[in-house]
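These notes concern the structure reproduced below.
The values are calculated or read from the model by the stated rules, or taken from the named source; none is laboratory data. Quick caveat: nothing in here was measured; it's all calculated off a predicted structure. The protein model used for the area step is the full one, side chains on, heavy atoms only, and it has no ligands, DNA or RNA in it. Shrake-Rupley method; radii C 1.70, N 1.55, O 1.52, S 1.80 Å.
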Amino acid sequence: MTMTVNGSPVSLPHDARVSLLDLVREHLHLPGTKKGCNQGACGACTVLVDGERILSCLALAVQFEGRSVTTIEGVGTPGALHPLQAAFIEHDGFQCGYCTPGQICSAIGMAQEIRRGVPSHVTADLAAPDIAPTRDELRERMSGNLCRCGTHNGIIDAIAEIVSADVLLPEPAQ
Ligand code: FES
Ligand code: FES
């Protein structure tokens, strides 16, 4: 039983109790994905599974046989930043950086949700063919990702720039 993580095949753990978060951090030694609350409340552990954002602390690794998992290490590298990573730097979207991998993975998945027309709690017109990525939309959709340093304004500035430039989401690197 295998899945792929950042494009590489990975064997699923024998212990069915291992979370996806612990698989990537402890078994695969990919420390970019962070363990904040470990109970679904902070978003620090957000990764992409087949392009959709999930909280890896609440997911068991064995659920993902045959699926494609992307962590922050698969989104960009220091020499080849994802456009959103560059925008976070430009807009001071982080301080300590602990929440940042989760913020970026979440924003990538979130932008795909907007493109697919998935409404949020603040979407005014549920019948509109396109959802405008207003700041209210972005704040609502990113509300599951907490930043203990309080850099939410910079985070939303960075996401807004990339979403409005329509360059968010080249597919994440595999
Ligand atoms: S560590 Fe998963 S939501 Fe906080
Ligand atoms: S940058 Fe420190 S928690 Fe967000």
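A few points about this structure:
- Taking the chain as a Gaussian network of alpha-carbon nodes connected by springs under 10 Å, the highest mean-square fluctuation of the residues Asp157, Asp92, Asp15 belongs to Asp15.
- Among Cys99, Cys45, Cys149: highest mean-square fluctuation, GNM of the chain, C-alpha pairs under 10 Å: Cys149
- Computed lengthening from Asn38 to Asn153, 0.36 nm per intervening residue step minus Cα-Cα distance: 38.9 nm
- With the alpha-carbon atoms of region 3-99 aligned to their principal axes, the span from lowest to highest coordinate is 42, 27, 22 Å, starting with the largest.
- Selected from Thr70, Thr151, Thr46 as most flexible by GNM, with the chain as the system and alpha-carbon contacts under 10 Å: Thr151
- Scaled to the globular estimate 2.2 N^0.38 Å, the Cα spread of the chain, given as radius of gyration, is 1.01.
- Carbon-plus-sulfur accessible fraction, the chain (probe radius 1.4 Å, protein heavy atoms only): 52%.
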